[in-house]
Each structure stands twice: as structure tokens, then as C-alpha cells.
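The structure under discussion appears below in the form of C-alpha cells.
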Amino acid sequence: MLDIAFIRENPDVVRESQRKRGESVELVDEVLDLDRLNRDALKKYEDARAQQKQMGRKVAAAPKDKKAEVLEEVKEFSQEVSRLKADADKAHDDYEAQAWKLSNIVEPEAPEGGEDDYIVRSTHGTPRDFAKEGFEPKDHLTLGEGVDGIDMKRGVKVGGTRFYFLKNDLARMEIAMHTMAFEQARQHGFQLVITPTLVRPEIMAGTGFLNAHADEIYRLREPDQQYLVGTSEVALAGMHENEILDLSKGPLRYSGWSACYRREAGAAGKDQRGIIRVHQFYKVEMFVYCKPEEAREQHQDLLHMEWDMLNKVDVPFRTIDTAAGDLGASASRKFDNEAWFPSEGRYRELTSTSNCDEYQARRLNIRYRKDDGTTAACATLNGTLATTRWLVAILENHQQKDGSIVIPEAMRPYMGGQEVIEPITDRDNA
């Protein structure tokens, strides 16, 4: 949610942000009109309430023979006050319903356009020349099945499409990867958290996920009225709902580990092979609460944390600056890190980090105490340190001609010193 004072004083900035996102510019003026109506209705109600209190004193002071008449007058006025309160409540609800539809203000440096209008900011590592090595790279599912680590057939049998079993050394590799990410976060001063995967509707709405991407979220049927999270960002944002934080010693930084669930409602026919786009996966997420003036620096810190992890798993990757129309409602700026997928000959997203400024904190009423004793909305940021999809990039970039997988050196201590995942033979699979 945006600061209404900022919208009143800078309507053109908000209009321009909406335009860059490809969203309704007219919504800004609708919000401003409803804000005026809301303030007018509230003033009428408050003026009437003040008059009602004075009338209460009038009853006490009325002569005995006039008291009934005065009481009737007070009763009639009380009905008018009730009507004005109902008008004020409706005006506030109408204003808030539209105000919550406004997306965050886009940072001026963010590219304009949609999904394909990103800017590549940096490239890291060099893709292997498999032709020079004398073989055609296999895709991750062929490799995963070859080491008896991915079972899609039985996953579909148990859970339906886009479900899977991870087995044996690939199950160990996923746990190792997340453990390594969790440890990196701990070493950088993050508090480690295993988060809830079910949240209240107010928390899901507060983070901004019930806008354009609402159809991607699993919701429990009545009477539970809870949502399954697609990222622990949601739980970590809701962790301090309606609280005043102490940021005097620096930002609060959390790292959450959780299962995640996404319906992939808009992905029919896309990436149905393997574990690139699935309904359930695991993720280690970073989340930061800080003062607004610290947000951009924290954003860069999260980006470099992601770079460190990607370098540890030794995959070529690039960083893109996501265009305004592809940001999502909460983010003012987002960087995606895309790894090289040899089987496809292209880069694909593995991880991202977003600066949400004050947007989520305002919706969840999370503030911090300033030096002068007053309170203000803090900024929130998020970034992913590891997720199940990373296995795809690791398998494909570390495959050998015989179908074995070389385990990245940094991961080996978390896998008991194992260096290679060997393919199974017919005898092994018997």
C-alpha cells in the first residue's frame, strides 16, 4: 500500500509508475477522489460526534419538564450520527479497496516494458563447450532418472501432474544445498527460521500476492480459510504484523526454510517435463526489515549473497534487471539471476531479489521507532538463496559423458565428502 500523503503530493510520480508497469493510470485519480470523499465523510461524522457529546450535557442540564423533549431530540440526532458513521465507514472501505489495487512505485532505474524488456546487468562464468568434450548434454530429467534420483511417474500417480519424488543422492543433494544456503545466511548474521506454510488471508493479502498472481496460490476450503505459501517471504513478512520494530542496531534479517506450493495456473503446457515448474518445492529465502533509506544498499547485499551461492554450486549465470511490467505488485525493483541450461542452450531464472520499500509494511502495519520517538513504516526486501530448481542447473552443468554427476566442491562437505553421483546400471535397478 502506498502512503496517501505521497500520492496527494506526487500524483504524477504515481501515474508514471502505473504507466511503466502497464497498469491503470486512471486508478490514481480514482484513489484521490475516494480519498477526498473519505476525508469529507469522516469530518462530518466527527463533527456530529462532537455535537452529540455537547447534547449529552444539554440533557443533564435540562429542566425536569423539558427533559423528555430534549431526550427525543438527542435520540433523533443519535440516529443521524449513526447514519454518518455508516457513510464514513463505507467511504473508508471504498477508498481502501481501490488504494490497495495500486502497485508499488517503480524505481526510476528499472527498465520500462514487459517480460522480455529486461536489461542484462552482468554475466558470470562461461558455459561448457560440450561439443569440444565430445558429447551432447542430456537434460536434467534424463540425468536424474539415470542416477535413480527423480521419479516423475510415481509422483504423478500420487499427487497428479507436476509432482515428483526425489530419491537417493538427489534427495541428499537437495538437503545439502539448502543446508549450505542456511549456513551461509547464518554466517552473514541472518536469524534462521523454519516458517509456517499456511497463513491467514490477511497475511497473504498484506504481502501483495492476492493481486495479479492470486490464481497461482492454493487456498484451503472452508472452514479453514488459509493459504498455502509459495515462498516463506509471506510468513516472514507476517511475522511482525502490527508491531513496532527496533532498528536502532541495524536491519532485522531472517532466513526462512520451508516447503512452497504453487498452482502454476497460468503455465498450462509449459515445462511439464521434469522439475523445472512444479507444484511443490523447497526454498531458503532471505527477508529483511530496514529503514527506508537503507533499502537500496540492503538490496545489493541480498544480490551479492545470491551470487555467492551460485558461485558455490559452480554454474554459469547472468543477472537481469527486471522490467517494470514484470515486477509484481509489491516490488519497486527486482533482479533475477538466470543460470545457463545446457540442454536448452539458454539462461533461465533460478533466483531473484526484490526491494519492496514500504509497500508490504504499510499493508501489514509494521513500523519502526525513529530517533525522535515517532514511528514510520519500515522497508522490506526478499531474496532466494536456494530452491529445488537449482538442482536442474547443477545436474546439467556438472554432467559427465557417462551420465554421472560431479558434485560441486562446496557441497561435498554437506554430502559426507562424496564427489560423484554415479549412474545406475541395469543390475542396480533390478
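Bear in mind that the values in this text are calculations on the coordinates, not laboratory data. Note that the structure is predicted; figures quoted are calculated from it, not measured. When we count neighbours, we look across all protein chains shown, and the Cβ atoms used for this are built from the backbone with ideal geometry, even at glycine.
Couplings 3J(HN,Hα) for region 395-402, derived from phi with the Karplus relation 6.51 cos²θ - 1.76 cosθ + 1.60 (θ = phi - 60°), are 4, 6, 7, 10, 6, 10, 4, 7 Hz, where x marks Gly and Pro. Put simply, the Cα atoms of region 253-305 extend 43, 19, 19 Å along their principal axes, the longest span coming first. Computed over the chain with a Gaussian network model linking Cα atoms closer than 10 Å, the most mobile of Asp371, Asp29, Asp314 is Asp371.
Given Cα pairs under 8 Å that are at least 6 residues apart, what percent is the relative contact order of the chain?
Numbers: 782 pairs, mean separation 84.3, N = 430.
Worked out over the chain, it gives 20 percent.
As a test of understanding, state the convex hull volume per residue of region 347-430 from its alpha carbons, in Å³.
Working: hull volume 16.0 nm³, N = 84.
Each residue corresponds to 190 Å³ of Cα convex hull volume.
Roughly how large, in nm² to one decimal, is the mean projection of the convex hull of the alpha-carbon atoms in region 206-349? Let's see the in-between values first.
On the way: hull surface 43.1 nm².
About 10.8 nm², averaged over all directions.
Pick from Ser255, Ser122, Ser232 the residue whose mean-square fluctuation is largest in a GNM of the chain, springs joining Cα atoms under 10 Å. Evaluated over the chain, the most mobile residue of the options is Ser122. Lysine pair count for region 4-99 with Cα-Cα distance under 28 Å and sequence separation of 8 or more or different chains is 27.
Lys249 to Phe163: FRET efficiency via 1/(1 + (r/R0)^6), r the Cβ-Cβ distance, R0 45 Å, to the nearest 0.05? Provide the component values of the computation, followed by the final result.
Working: r = 44 Å, r/R0 = 0.98.
Once rounded, the FRET efficiency stands at 0.55.
With 43 Å as the cut-off, how large is the P(r) tail for the chain, expressed as percent of Cα-Cα pairs?
Working: 23834 of 92235 pairs.
Across the chain, Cα pairs with separations above 43 Å total 26 percent.
As a rough footprinting exposure proxy, the listed residues Ile217, Ile424, Ile275, Ile194 were ranked by other beta carbons within 10 Å of their own, and the order from fewest upward is Ile194, Ile424, Ile217, Ile275.
Rounded to whole numbers, the Karplus 3J(HN,Hα) couplings from phi for region 179-190 are 5, 4, 5, 4, 5, 4, 4, 4, 5, 9, x, 7 Hz, using 6.51 cos²θ - 1.76 cosθ + 1.60 with θ = phi - 60°, and x at Gly and Pro. Per the Cα gyration tensor, region 178-262 maps to an equivalent ellipsoid with semi-axes of 25, 16, 10 Å, ordered largest to smallest.
Here the Karplus curve 6.51 cos²θ - 1.76 cosθ + 1.60, taken at θ = phi - 60°, turns the phi angles of region 293-301 into couplings of 6, 9, 5, 5, 5, 4, 4, 5, 4 Hz, with x standing for Gly and Pro. Remark: the Lys53-Ile194 segment gains 45.6 nm on full extension, using 0.36 nm per residue and subtracting the alpha carbon distance. For region 218-272, pairs of C-alpha atoms spaced more than 14 angstrom apart make up 69 percent of the total.
Can you give me the relative contact order of region 4-99 as a percent, contacts being Cα pairs under 8 Å and 6 or more apart? Could you put the intermediate results ahead of the total?
On the way: 53 pairs, mean separation 34.6, N = 96.
Rounded, it is 36 percent for region 4-99.
The residue list Asn10, Gly22, Asn38 was ranked by how far each Cα lies along the charge dipole of the chain toward its positive end, using unit charges on Cβ atoms, and Asn38 comes out on top.
Could you work out Rg/(2.2 N^0.38 Å) for region 59-188, with Rg from alpha carbons only?
Values: Rg = 34.0 Å, N = 130, 2.2 N^0.38 = 14.0 Å.
Normalised by 2.2 N^0.38 Å, the Cα Rg of region 59-188 equals 2.43.
Across all directions, the average flat footprint of the convex hull enclosing the Cα atoms of region 275-430 is 12.6 nm².
Where nothing but the Cβ of Lys and Arg (+1) and of Asp and Glu (-1) is charged, how large is the charge dipole of the chain around its Cα centre, in debye to the nearest 20?
On the way: 60 positive and 76 negative charges, 251 e Å.
Roughly 1200 debye, rounded to the nearest 20.
Ordering Ser17, Ser343 from the fewest to the most neighbouring beta carbons within 10 Å gives Ser343, Ser17.
Please give the Cα centre distance for region 369-426 versus region 73-113, rounded to the nearest Å. Here the answer is 44 Å between Cα centres. Given that compact globular proteins tend to follow 2.2 N^0.38 Å, what is the ratio of the alpha-carbon Rg of region 4-99 to that value? Its radius of gyration relative to the 2.2 N^0.38 Å reference: 1.63. Comparing Gln226, Cys290, Ile276 along the charge dipole axis of region 218-314, the residue lying farthest to the positive side is Ile276, per the Cβ-charge model. Listed from fewest to most Cβ neighbours within 10 Å, the set Val284, Val234, Val193, Val25 follows the order Val25, Val193, Val284, Val234.
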